[in-house]
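I have placed the structure first, in the form of C-alpha cells, so that the comments after it can refer back to it.
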Amino acid sequence: MIIAKTEAAICERLRKGLGQMVHSVESYGGEMDGEPAEIIRQLPAAWVTFGGVLKTENTNVTKRKYTTHGRFVVIVGDRNLRSENAARLGGPGFDEVGTYRLVTAVRRLLSGQDMDLPIAHLVPGRVRTLFNTQVEAAALSVFACEFDTKWIEHALENGRYPLENAPAEHEDSLFTHYHGEMSPDDPEWLSTRLSYDLSSSPQRPDAEDIITHEPAKR
C-alpha cells in the first residue's frame, strides 16, 4: 500500500508543481515501448514508476519490524522540431522546455519531500539517459530521474496469517476480499492477577491484586 500511495503522491506533487511545463504527469504504463510517433505526440511529459526494493534491514530484536529501502523513478521527455540539442536544452519560447529543465524541475520539486506519508524524505539519485535520438522530423530526448526513500514494514508473528476482518486502514485489509487464510485478532485484555508470596509466611498466596480493564466501546 505504501508503494502505491507514494507513487500517487509523487504524481500529484509533480502535476501541481510542473504546471504547463508538461502535457501530463501519469504513472508509467509502458509508454516508452510504444511507437515513436505516439511517444512524440505525448511530449513534453513525465511518468512515475516504482523502481524496486533495494534492500531490507531488520530493525529490532523481535524480527517483526524491517526498514525497507525503495526507489522511485520519474521519466521526463521532450521533443523538438529544430534539433536534438534543442530537445535537451530547450529554446527561447515557453513551449520549448527541454529535458534538462524538466530534470532540474523534478529534482527541485521532489528532493527532501515526504508528501505527508510515513516514509523518509526522498533523496535524489542518478539521472540516466534513456533516449537522445531523431525520430522522423523531430528530435526526442528522455531521461530517468531516481529518488530513494525508506519506510518501516511490520512482519506477521511466526505462524500467523493476516488479520481477520481487518479495518480499512489496517495493512492486512488488502487480503479481505480474496478468501485466503486469516487469523483472528488476539483476545482483548480484561484483567491481570498479581499474586505475592512471602518467604516467612506459609500462606499461599499472601496477597493478591487484580487489575481489570474495561473493553473499549465499539
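The values are calculated or read from the model by the stated rules, or taken from the named source; none is laboratory data. Computed from a predicted model, the values in this text were never measured in an experiment. Don't worry about glycine lacking a Cβ; one is built from the backbone with ideal geometry, like all the others, and counts go over all protein chains shown. The area values use the complete protein model at the heavy-atom level, side chains included, leaving out ligands, DNA and RNA. Shrake-Rupley method; radii C 1.70, N 1.55, O 1.52, S 1.80 Å.
Identify all residues within segment 51-71 that are without any contact (Cβ under 8 Å) to a residue 24 or more places away in the chain, open to solvent by less than 70 Å² (accessible area, probe 1.4 Å) and polar (S, T, N, Q); write none if there are none.
Asn60
Which of the residues spanning segment 157-183 are without any contact (Cβ under 8 Å) to a residue 40 or more places away in the chain, over 17 Å from the mean Cα position of the chain (by Cα) and open to solvent by 80 Å² or more (accessible area, probe 1.4 Å)?
Asn158, Tyr161, Glu164, Asn165, Ala168, Phe175, His177, Tyr178, His179, Glu181
Looking at (1) of a type in the set (D, E, K, R); (2) in contact with an Asp or Glu (Cβ under 9 Å, 6 or more places away or on another chain); (3) outside any loop (DSSP other than H, G, I, E, B), can you tell me which one Asp185 breaks?
Only one criterion in (1) of a type in the set (D, E, K, R); (2) in contact with an Asp or Glu (Cβ under 9 Å, 6 or more places away or on another chain); (3) outside any loop (DSSP other than H, G, I, E, B) is unmet by Asp185, namely (3).
Collect the residues in segment 19-47 that are among the hydroxyl-bearing types (Ser, Thr, Tyr) and farther than 12 Å from Val142 by Cβ, keeping them in residue-number order.
Those that are among the hydroxyl-bearing types (Ser, Thr, Tyr) and farther than 12 Å from Val142 by Cβ: Ser24, Ser27.
Looking only at segment 82-89, decide whether some residue is open to solvent by 70 Å² or more (accessible area, probe 1.4 Å) and modelled with pLDDT of 75 or more.
No, segment 82-89 has no match at all.
Among the numbered criteria (1) at pLDDT below 85; (2) closer than 30 Å to Ile40 by Cβ, which single criterion is violated by Asp186?
Only one criterion is unmet by Asp186, namely (2).
Filter segment 116-135 for residues that are open to solvent by less than 40 Å² (accessible area, probe 1.4 Å) and either at pLDDT 95 or above or not in a strand (DSSP E or B) (or both) and give the result.
Across segment 116-135, the qualifying residues are Leu117, Ile119, Ala120, Leu122, Gly125.
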